[in-house]
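The values are calculated or read from the model by the stated rules, or taken from the named source; none is laboratory data. Quick caveat, the model's predicted, so the values are computed rather than measured. All Cβ positions, glycine included, derive from the backbone under ideal geometry; neighbour counts span all protein chains shown. Just so you know, the surface numbers come from the protein's heavy atoms only, side chains and all, with ligands and any DNA or RNA stripped out. Shrake-Rupley method; radii C 1.70, N 1.55, O 1.52, S 1.80 Å.
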Amino acid sequence: MIIDKTIQKIGWNLDNSYTKLPSKFYTRTNPTPVSSPKLVILNHSLASSLGLDVEALHSHGGIEILAGNQAPEGAFPIAQAYAGHQFGHFTMLGDGRAVLIGEQITPHGERFDIQLKGSGRTPYSRGGDGRAVLGPMLREYIISEAMDALGIPTTRSLAVVTTGESVIREAVLPGAVLTRVAASHIRVGTFEYIAEWGTIEELKELADYTIKRHYPEIETNKDRYISLFKEVIKRQASLIAKWQLVGFIHGVMNTDNMTISGETIDYGPCAFMDAYNPATVFSSIDVYGRYAYGNQPDIAAWNLARLAEALLPLLHSDQEVAIKLAQDAVSDFYELYHCNWLSGMRAKLGIYDEDSEDESLIENLLNIMQKYNSDYTNTFRALTLDKLSDMVLFETVEFAQWHEMWQKRLDRQKKGISPYELMLRSNPAVIPRNHRVEEALEAAMKQGNYRVMERLLNILSNPFAYSPEQNEYSALPEPSAKPYQTFCGT
């Protein structure tokens, strides 16, 4: 066997701790080779932070690994098993088109899953072809990197390679493989799967592994399993609040798409809200609005209740006591979420202390925004820049009255940081506008032109810069008679 010296230079430092769990948790699965992979985008800064050599990843050997044609030293490719409630219905799932090649240990000792998405059939494919289409993989790359720049916990995108092969969906489309980087891929659905089809001992092993990997500070707690549940609740309360604060709509908040680490995962029919409306939903399959923007906190609580059900045997030997512990913990979610959201909304308005009237002030603004179909991001952008023009909202009596109340509230603050400095740090000048994302995807898919996407990514890399180059990317799309829709991209 000829050893590619370039591959050795890449810097892979893989471990496989997840495979120490019982075999029920995964199946050994190799990626399916592709005919002629081509690297179309590589995340240089992420690669470097992982301890990988960027130049070597650009080589033939590096691309072969990113495509799934070769395995780096130390790899132990697996497809993970899990279940999940999809639109409220429980079903067996698992990685149907993704293979975890290993866990990269960075130069700083951090551990990250390296997963190839779109790398072929697995035992969990359920009749699917295991492949992915270029457009959705580029969408995940764009949105996940934008989310990271916004300071929102998320899986990351290391690379996208085209496969040189076609994938049949609604049409014949170019195939691609996305390299996804995550703190882990342990989901609420992972616990549901073991609770349904495993043993209590296996459930305990999963919980212990999760604690050691994500919450080592509670490892010695006497009641570490309820502590685990409470820590997951805290992270999800913080995460969902961050989504709401930037107008992000996940689109498919099934329990298999909620991570135990607290990262955003699976960017399928996701999108960012333009005009403020809690009922906003973009996903073509969410016909009843289950996962609409305004429902996301409630769905998060619902998902956490499913996690509680899975954990019950570990919480207490007396089921009634276990249920009470779980219920009390889940009920804390709303207060935690609300505190995170309210704190974030205060910051968006330049408020850095607390007043009992703040929530009313915030809700009044949101109600006016909804009434006048005002753009969510640009309303706060305009308030930050104190440029109150070009929006119907700013010409109304309701807004004038609200603005006067807001100014009085700012005047009541103790002297300290400038309200506008706080607003600059809290209100992005740009988000991944849906029409800009589609523009980038169309250029890549139809013309093989990735410059549009690269420029978009550059603009989104520092969303709080308020640079002149960002102005055109804050513009709204042209009016359309057809509402914007997103698709899962499977």
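Helix 296-315 and the long axis of the chain differ in direction by around 50°, with both axes built from C-alpha atoms.
Overall, the accessible surface of segment 1-123 at a probe of 1.4 angstrom is composed of carbon and sulfur to the extent of 51 percent.
Residue pairs exceeding 24 angstrom between C-alpha atoms, taken from LYS38/LYS117; LYS117/LYS230; LYS9/LYS212: LYS117/LYS230; LYS9/LYS212. For LYS408, the lysines whose Cα falls under 30 Å of its own Cα, not counting residues fewer than eight places away in the same chain, are LYS242, LYS348, LYS371, LYS387. Applied to segment 98-112, the Karplus parametrisation 6.51 cos²θ - 1.76 cosθ + 1.60 on θ = phi - 60° returns per-residue 3J(HN,Hα) values of 9, 10, 7, 8, x, 10, 6, 9, 7, x, 8, x, 7, 10, 9 Hz, with x for Gly and Pro. The sum of -39500 (n - 2.57) across all DSSP H runs of n ≥ 4, divided by the residue count of the chain, sets its helix-only mean residue ellipticity at 222 nm to -13500 deg cm²/dmol.
The long axis of helix 434-447 is offset from the longest Cα principal axis of the chain by roughly 40 degrees. Neighbours of VAL452, meaning other residues whose beta-carbon lies under 10 angstrom from its beta-carbon, give a summed charge of 0 when Lys and Arg score +1 and Asp and Glu score -1.
In a DSSP loop and with at most 11 other Cβ atoms within 10 Å, the trypsin sites (Lys or Arg not before Pro) in segment 135-231 are LYS222. Counted by Cβ distance under 13 Å from PRO278, the other residues give a net charge of -1, where Lys and Arg count +1 and Asp and Glu count -1.
Of the listed residues VAL167, VAL287, the order by accessible area with a 1.4 Å probe, largest first, is VAL287, VAL167. In the context of the full protein assembly, TYR334 retains an accessible surface of approximately 100 Å², using a probe radius of 1.4 Å and ignoring ligands and nucleic acids.
Dipole orientation for the chain: of the candidates LEU203, LEU239, ALA47, ALA47 has the Cα lying most toward the positive pole (charges on Cβ; Lys, Arg +1; Asp, Glu -1). The chymotrypsin sites (Phe, Trp or Tyr not before Pro) of segment 1-105 meeting both criteria, a DSSP state outside H, G, I, E and B (loop) and at most 15 other C-beta atoms within 10 angstrom of the site's C-beta, are PHE87. Where both bridge residues fall in the chain, DSSP classifies roughly 95% of the beta bridges as antiparallel.
If you average the C-alpha positions of segment 389-416 and of segment 277-307 separately, how far apart do those two centres end up, in angstrom? About 31 Å separates the Cα centre of segment 389-416 from the one of segment 277-307.
Between the helical axis of 376-385 and the longest alpha-carbon principal axis of the chain there is an angle of about 60 degrees. Solvent-accessible surface of protein heavy atoms, probed at 1.4 angstrom with all chains present, puts VAL397, VAL54 in the order VAL397, VAL54, largest first. Taking the protein heavy atoms of segment 254-296 in the context of the full set of protein chains, the accessible area attributed to carbon and sulfur is 51 percent at 1.4 Å.
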